[in-house]
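Colleague: Sharing a structure, written as structure tokens. Questions coming.
The values are calculated or read from the model by the stated rules, or taken from the named source; none is laboratory data. Here the structure is a predicted model, which is why all the values come from computation and not from measurement. Reconstructed Cβ throughout: ideal geometry from the backbone, glycine too, with neighbour counts over all protein chains shown.
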Amino acid sequence: MTVIGPDGQPRCGWATSAPEYIEYHDNEWGKEIRDDRGLFERMTLEGFQSGLSWITILRKRENFRAAFAHFDPEVIAKYGTDDYDRLMADPGIVRNRLKINATISNARALLELDDGEFTDLLWSFQPANRKAPKTLGDVPATTPESVAMSKALKKKGFVFVGPTTAYALMQASGIVNDHLSTCIAR
């Protein structure tokens, strides 16, 4: 169900507990992203969020951008031991060995694709004619499309992109619109 925000507008129930959530919900979440770099950023952040609260990632987002060269895969793909050590020592980001290594590996996998191929691949999993959810309980953690996306990404060399992370990426980038039916951002 939607919750009335501080401005009197109805929003998805998760989106009103912090100003960062309201800003993200209203201006980014569910908005279409159709470029490789933008999608790479969202995939990376969704991977870092795994096991953590999304507010943690939102509050560290600018630090992530600085630490990962604004998610430029050309730069990240060249990261070596010194960069890894720098990232592991950076208190401004989530210092998780697996997630940092996944970001570097995923940048390399992205560069193996043709320009725009990553975007086309992700958007090929957009479900047709999906009904607007009425309650948060109607929003799944995974879908057949996110399972298929995860498999396709792994086949292309991407890591740390299970079906739940793939679905969160789909939501964050507008591949699916999971704003509730009565939400102002729908």
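Matching residues to (1) out of contact with any Gly (no Cβ under 9 Å at 6 or more places or on another chain); (2) assigned to a loop (DSSP other than H, G, I, E, B); (3) of a type in the set (Gly, Ala, Ser); (4) modelled with pLDDT of 95 or more:
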residue: Trp14; (1), (2), (3), (4): yes, no, no, no
residue: Ser17; (1), (2), (3), (4): yes, yes, yes, no
residue: Ile33; (1), (2), (3), (4): no, yes, no, yes
residue: Leu39; (1), (2), (3), (4): yes, no, no, yes
residue: Thr44; (1), (2), (3), (4): yes, no, no, yes
residue: Asn63; (1), (2), (3), (4): no, no, no, yes
residue: Ala66; (1), (2), (3), (4): no, no, yes, yes
residue: Tyr79; (1), (2), (3), (4): yes, yes, no, yes
residue: Leu87; (1), (2), (3), (4): yes, no, no, yes
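Colleague: Of all residues in the range 131-152, how many are in a helix (DSSP H, G or I), surrounded by fewer than 16 Cβ atoms within 10 Å (Cβ to Cβ) and not charged (D, E, K, R)? Full working, then the answer.
Modeller: Quick first cut of the range 131-152, residues in a helix (DSSP H, G or I) only: 136-138, 144-152.
Among the residues that remain, those that are also surrounded by fewer than 16 Cβ atoms within 10 Å (Cβ to Cβ) are: 136-138, 144, 148, 151.
Right, trim to not charged (D, E, K, R) and you get 136-137, 144, 148.
Count: 4.
Colleague: Based on this model, can you work out whether Phe118 counts as part of a loop (DSSP other than H, G, I, E, B), surrounded by 16 or more Cβ atoms within 10 Å (Cβ to Cβ) and among the aromatic types (Phe, Trp, Tyr)?
Modeller: Taking the combined requirement at face value, the residue does not satisfy it.
Colleague: Let me ask something additional. Check Arg108 against each of (1) crowded, with 21+ Cβ neighbours inside 10 Å; (2) in a helix (DSSP H, G or I) and name the one condition it does not meet.
Modeller: (1)
Colleague: Here's a follow-up. Listed residues Arg37, Arg65, Arg11; which is more than 26 Å from Cys183 (Cβ to Cβ) and touching a His at 6+ places or on another chain (Cβ under 9 Å)?
Modeller: Arg37
Colleague: Right, Glu28: surrounded by fewer than 17 Cβ atoms within 10 Å (Cβ to Cβ) and touching a residue at least 40 places away in the same chain (Cβ under 8 Å) or not?
Modeller: Yes; evaluated as a whole, the condition is true for this residue.
Colleague: Next up: Just the residues that are touching a residue at least 60 places away in the same chain (Cβ under 8 Å) and of a type in the set (A, V, I, L, M), please, taken from the range 1-14.
Modeller: If the condition is that a residue be touching a residue at least 60 places away in the same chain (Cβ under 8 Å) and of a type in the set (A, V, I, L, M), then Met1 is the only one that fits.
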